[in-house]
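Below is one structure, written out as structure tokens; comments come after it.
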Amino acid sequence: MSDSEPAVRLLSPDGERLADGRYDIDVSDAALRDLYRDMVLVRRLDVEGTALQRQGELALWAPCLGQEAAQIGSARCLRPTDMAFPTYRDHGVAWARGVTPLQLLGLYRGVTNGGWDPTQLHCALYSIVIGSQALHAAGYALGASLQGSSDATVAYFGDGATDEGDVNEAFVLAAGFRLPLVLFCQNNQWAISTPREGWHGAPIHRRAEGFGFPGVLVDGNDVLAVMAVTQAALDRARSGDGPTLIEAFTYRMGAHTTSDDPSRYRSADEVDAWSRRDPIRRLSAYATRIGAADESFFAEVEAEADELAQVVRAGVRQLPVPPPESMFDHVYAEPHATIAEQRAFLTAYQDSFADEGVA
Amino acid sequence: MSDSEPAVRLLSPDGERLADGRYDIDVSDAALRDLYRDMVLVRRLDVEGTALQRQGELALWAPCLGQEAAQIGSARCLRPTDMAFPTYRDHGVAWARGVTPLQLLGLYRGVTNGGWDPTQLHCALYSIVIGSQALHAAGYALGASLQGSSDATVAYFGDGATDEGDVNEAFVLAAGFRLPLVLFCQNNQWAISTPREGWHGAPIHRRAEGFGFPGVLVDGNDVLAVMAVTQAALDRARSGDGPTLIEAFTYRMGAHTTSDDPSRYRSADEVDAWSRRDPIRRLSAYATRIGAADESFFAEVEAEADELAQVVRAGVRQLPVPPPESMFDHVYAEPHATIAEQRAFLTAYQDSFADEGVA
Amino acid sequence: MTTMTMAAALNAGLRRAMERDPSVVLLGEDIGRLGGVFRVTDGLQKDFGQARVIDTPLAESAIVGAAIGLAMRGLRPVVEIQFDGFVYPAFDQIVAQLAKLHQRSSGTVRLPIVIRLPFGGGIGAVEHHSESPEAYFVHTAGLRVITPADAATAYVTMQQAIASDDPVVFLEPKRRYWDKADVDSAVDVARAPSPWQSRVVRAGTDVTVACYGPMVRTCLEAAQSHESASCEVVDLQSLSPLDTDTLIASVRRTGRLVVVHEASGTAGLGAEVAARVGEACFFELEAPVLRVTGYDIPYPPAQLEEHHLPDLDRVLDAVDRVLAF
Amino acid sequence: MTTMTMAAALNAGLRRAMERDPSVVLLGEDIGRLGGVFRVTDGLQKDFGQARVIDTPLAESAIVGAAIGLAMRGLRPVVEIQFDGFVYPAFDQIVAQLAKLHQRSSGTVRLPIVIRLPFGGGIGAVEHHSESPEAYFVHTAGLRVITPADAATAYVTMQQAIASDDPVVFLEPKRRYWDKADVDSAVDVARAPSPWQSRVVRAGTDVTVACYGPMVRTCLEAAQSHESASCEVVDLQSLSPLDTDTLIASVRRTGRLVVVHEASGTAGLGAEVAARVGEACFFELEAPVLRVTGYDIPYPPAQLEEHHLPDLDRVLDAVDRVLAF
Ligand SMILES: Cc1ncc(C[n+]2csc(CCOP(=O)(O)OP(=O)(O)O)c2C)c(N)n1
Ligand SMILES: Cc1ncc(C[n+]2csc(CCOP(=O)(O)OP(=O)(O)O)c2C)c(N)n1
Ligand SMILES: [Mg+2]
Ligand SMILES: [Mg+2]
């Protein structure tokens, strides 16, 4: 974090409330509890995701462990008609937008390539091709601004994604059209095995200035700070002042995905050090300190998490495998001769087995 | 040019020598005369290019009119084994690298897609796909640095090109590998009909800082200033300190290409205003002022330019049209069955006309 | 009926579509004040404003990516890519996003996006300005691909493409931009025949010639000039879905087929046509399907392009060979 | 002879090539310390250093573009693209630059670049990890395209691809990474047969089955399991140049052909094979060429992929249909 303003921080790792000369936010006790509940439930969902993959119930899982404050803090600032464009790791964002845990698991179980209706939930589908969603978000924001709407748009992406042409072109669009767009980068220090530190010449948030709009660095494990800077960026977007790049400094506590073996490229010490900055513990310490929550509340949330875990475990096994013919359902919105022919072929082909009694 | 340091300038538009606190350069009288000769000859070549296109001798021409100082000033700083990666408009760069006028016209006459040997001249072929060459330059610079060589590389591109993903990815490579690379952007104010001003949020040279390396703004119509900043950037590259982005602020005095009609999108006034900042007049005024050149020298160069024009006019008409079979010559470096077959087909097909006496 | 060039017909088609549906927006490089390098969008920004005719930065991936976002917001974007050779930076957005997002979303997201792409050679241009990339898009499931052969078709199919709820790659044969034809601008597009089918543009009995886009005129001229054989010419027009029904019916009658396109032959559209007809007309074919295509080479320098591109003589040569079989 | 997986054979092939020629450098995302997500480059950075095994930023266009620059500087870059579905951001650099620069330079610039691309489905992956983009590259003049079907071939062709002075798209059938075979690591690659040809991997008399990459094992199993017909299986292996000589000789004997690949059928490689064989074996074919391919759909969710991909039963079904004709 050389060469940059210090990160915006409103909570110390021990849960003390800090003052930041630039940003502040007022959060009620009830809202604090909601944030805590969100973060705990998302973490449980995430832990279940990893476990379910190990048990063979999911094809893959991309854990968001450690990034709950960045995701919940930012996404909870959005209004219902604002739009979020998340990546494969942004389970907290999806959660905050109302994507149900089972909708979310469908992709990783391999029963769908998506899982929910982006229009209805105002949450785009997970984007897997790194950086591609940043351009969709820019286009969406452009549409909102052409329509004179006050809807804001948030594009989520990782530190590694800032290397991709698409993300930089999104910066160009954002600056050129002064888009009502928040570019929210979770710098979790790693792009699979590529460390952020040492490689790049400048901290990510400084990239924005070069394109002509502000960038801000925030402690991504501090949910209040994340909310404060996101809220400010959303306000800016709505008032027509253009885009903001937020770099949320956080850490990917888990593997890149369940297919990854991080011991090949990073030390246990590093992970340890970051575990001392855990976002949930920080929030619970603060809530306890100011009396916004107590042990009984924490126990209640824990019970809720257990329940969620059970629902998820039971539900995921019952996620329906779509029938083979459904492959042809939404290739096109309008009738398409080749698709119709191939669907008919598949049906006939399958029937031929039924005839033989092979089922 | 808001929000930025003033451009480096060593010559006023009237040819007065200025001091710049940051950069300076010592140029002998003989070297000044050489620069002047280069710029006048390149301009004549360029004017002939436009005329030849009008006469139907070229398919197209992309004039560099007005950008001679930026091109000659920068390219003349290169050592023979340094490498330049020019665009379709960088005739001054090609000239300085020893590409002959007729080699250069071949592309625009449609007898070749290239025209010279990049390896021999240390000058890559013109790049037409905007921004693509910036990555080649980065790779070349990476190669030089892996080999422990002190060769530097210069990537040329326009203001419009800074919108493309490829150019931004080149910035990423440049910063990440601390490449011995100079990223030389001629901001000629226009990308076809897209004005630079008003659209973008930040001046181009500031883009570099966001990626983690320095950017500098130079008066692109001031050949001495261009040399000073380019020389400094090359020194920096050679000494292992990494890349520099140079924004040479200049103007495209002509049409985008001979197919373009700039009256549709820019005013004659604007062009007029810039013509008062002509790079050649500026240099001749300075050279005259300090006694480095006199009328007889200017007349001599004028005569040389006339001669060049004649050579070009005569030569271009005689540029050989390659035989049809040559289409197959360099598709692959090694034998390729399909190509061999198709070549044989073409030969037989053409012979069939010869048989009929159709020739 | 008005006589106009294909460029003018496309312009008129865009204008009609924009008048009819306020959600239609255009975006691309230099399409506003300049009216596009081929002037296909000439005057539209003046008349519809900068919010509907949007000059974009020089970034093709951004243009297509933004169009996807605009469509998610309920607009119907029509994108201009300046030249065929500059569509490749947008390839990921087209192939991995535009083509797949409707399916990814289980049909909840519609992408009524048209990508206008001036394509093909024959205009004496420098490199990257004469490409025929259609096979890439035809091979990509989720896209529709269409190319009009003349001004009258261009006027109608442009509007139909914009009306389609699927993403459409709309290939404009740039060497035919200046060809004139009678255009019925009063045509009721809603009742016009479906554009997703091929059409017999010249009836004949001895041999079928299949072609599309810029090659339709070439093949018509070849057919006309053949001294003895009666050539039927089929304009495929809809490249995806590739309508081979009309073509197969034709070949069943003539027993012979020549396929013509500018793109390189290997794994080009001609291969698909030959494969389909070879299967469907196995007993009717009296000669193998012959392909007349560009060679498997990078587009050559302009002065050689006449040797690379199929022309009247090469079409006739193939017709004679298929007849002699 | 050593028994090893295809992934290990590729690793060994890379290692041999790097030992033999110091100008060979590898570059790609996560190929160094991690050894690549499939571990194909495992241990190479440790042994050859960071100057020869280069971890790159997350930017595919940059990776291929940089490889071009490295080649211009005299190196022989071997690029890893992490998955098939992530090659599209590099499409412009591959198609407009890598494929064309040798021709553009009248042969003065050589581009001995290998692009390694794990491809194909069948591994239960999420979207973008199971694509078969080969037709795009085969249709692009200036590229060579090759895919090994087993570990032994992989070991040799990897070295041959690196030795080639042309750009090679090297498709690694990722579902076969873990298949084992005997590899002769003492083989003299310089004397090995040319990789630019197809090979008969199983002799037969009744029907020819053409396939490549991941489908070779599938087709061999189908051939083996057919109860009555004698199936000849041809591994095309070299997709560009597409060597159909071996195949045509086979079809002239069997009179019947089934072509199999995972990629979508329309304008896929099977079309080219069918078109060529249809032309060359017009009189010998006793049935139309049948294609068994992926459908013309975006790759479906993993739980449906078995229905999308050709498998033993679909190959047998086509074999029976072509025999019944
Ligand atoms: C275009 C593209 N290239 C490569 C990949 C493979 N890949 C998946 S995630 C990833 C790293 C992404 O890092 P970052 O952007 O920091 O996000 P994080 O995974 O840390 O959340 C890579 C290389 C991809 N999905 N898309
Ligand atoms: C990828 C790509 N897109 C579009 C074009 C068409 N085109 C040619 S030059 C140009 C403008 C370039 O502007 P700039 O980078 O400022 O360079 P200048 O022409 O001013 O020298 C455009 C859009 C192209 N050549 N390549
Ligand atoms: Mg990361
Ligand atoms: Mg410019």
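Values in this text are rule-based calculations from the coordinates and carry no lab data. The structure presented is a predicted model; accordingly, all values stated were derived computationally and were not measured. For neighbour counting, all protein chains shown are included, and Cβ atoms are generated from backbone atoms with ideal geometry for every residue, glycine included.
The table below gives the values:
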item: Cα-based shape type of the protein assembly as shown, given that a ≥ b ≥ c are square roots of the gyration tensor eigenvalues and the cut on a/c is 1.5; result: rounded
item: Isolated Cys residues of chain C, judged by Cβ distance under 4.7 Å to other cysteines; result: C:CYS231, C:CYS281
item: DSSP-defined beta bridges in chain A - what % are antiparallel, rounded to 5; result: 10
item: For q = 0.15 Å⁻¹, Debye-computed log10 I/I(0) when each Cα of region D:1-42 counts as one equal scatterer; result: -0.37
item: In nm, spacing of pseudo-spin labels at A:SER239 and B:THR288 (7 Å Cα→C-beta vector); result: 5.6
item: Tilt relative to chain A, helix A:295-318 - C-alpha long axis, 0 to 90 degrees, to 10; result: 20
item: Relative contact order of region D:1-113, defined on C-alpha pairs under 8 angstrom at six or more residues apart (%); result: 25
item: Hull volume in cubic angstrom per residue (convex hull over the Cα atoms of region D:2-191); result: 109
item: Among beta bridges that DSSP assigns inside the protein assembly as shown, antiparallel share in %, nearest 5; result: 20
item: Inter-chain shielding of B:116-124 (mean C-beta neighbours from other protein chains, 10 Å cut-off); result: 3
item: Value of [θ]222 nm, deg cm²/dmol, for the protein assembly as shown, DSSP H segments ≥ 4, -39500 (n - 2.57) each, nearest 500; result: -12000 deg cm²/dmol
item: Chain D: angle of helix D:6-20 to the longest principal axis, Cα-based, in degrees nearest 10; result: 40
item: Exercise: per-residue mean of other protein chain Cβ atoms within 10 Å, D:46-54; result: 1
item: DSSP-defined beta bridges in region C:199-324 - what % are antiparallel, rounded to 5; result: 25
item: Value in Å of the Kirkwood radius, where chain A supplies the Cα pairs that are averaged; result: 21.5
item: Segment D:ASP165-D:SER23, length gained on full extension (0.36 nm per residue, minus Cα span); result: 49.8 nm
item: Virtual spin-label span in nm between A:ASP351 and B:ASP261, 7 Å along Cα→Cβ; result: 6.1
item: Whole-angstrom gap from region A:219-267 to region D:230-257, using each part's C-alpha centre; result: 54
item: Virtual paramagnetic centre 7 Å along Cα→Cβ of C:THR205, amide N under 16 Å, in region C:251-291; result: C:251-256
item: Residue of A:PRO180, A:PRO335, A:PRO279 that the Gaussian network model of chain A assigns the largest fluctuation, springs spanning Cα pairs under 10 Å; result: A:PRO335
item: Distance between region A:80-98 and region D:141-171 - C-alpha centres, whole angstrom; result: 42
item: Ranking of C:ARG276, C:ARG116 by count of other Cβ atoms within 10 Å, fewest first; result: C:ARG276, C:ARG116
item: Which listed pairs, of D:LYS100/D:LYS180; C:LYS100/D:LYS180; C:LYS46/C:LYS100; D:LYS46/D:LYS180, have C-alpha distances above 27 Å, in listed order; result: D:LYS100/D:LYS180; C:LYS100/D:LYS180; C:LYS46/C:LYS100
item: Number of partner chain Cβ atoms within 10 Å, mean per residue of A:174-181; result: 3
item: Per-peptide average of other Cβ atoms within 10 Å, ordering C:165-177, A:9-21 highest first; result: C:165-177, A:9-21
item: Cα point-scatterer Debye curve for region C:176-325, base-10 log of I(q)/I(0) at q = 0.14 Å⁻¹; result: -0.67
item: Gain on full stretching of the segment that runs from C:GLN224 to C:GLU306 - 0.36 nm per residue minus C-alpha separation; result: 27.5 nm
item: Acute angle (nearest 10 degrees) that the helix D:60-72 long axis makes with the longest principal axis of chain D, alpha-carbon atoms; result: 70
item: Residue-by-residue Karplus 3J(HN,Hα) for region B:109-122, coefficients 6.51, -1.76, 1.60, Hz, glycine and proline x; result: 8, x, 9, 7, 8, x, x, 8, 9, x, 5, 5, 8, 6
item: Calculated FRET efficiency for the pair A:ALA340/B:ALA337, C-beta based, R₀ 35 Å, to 0.05; result: 0.35
item: Whole-number D in µm² s⁻¹ for region C:124-175, Kirkwood Cα-pair radius fed into Stokes-Einstein, 4 °C, 1.567 mPa s; result: 106
item: Chain B, relative contact order [Cα under 8 Å, separation at least 6], %; result: 24
item: Order of C:LEU143, C:LEU44 under a 10 Å beta carbon neighbour criterion, fewest first; result: C:LEU44, C:LEU143
item: Under 5 Å, built H, 5+ apart or other chain: amide partners of A:LEU11; result: A:LEU18, A:ALA225
item: Packing-based exposure ordering (other Cβ within 10 Å, fewest first) of D:ASP188, A:ASP306, C:ASP243; result: D:ASP188, A:ASP306, C:ASP243
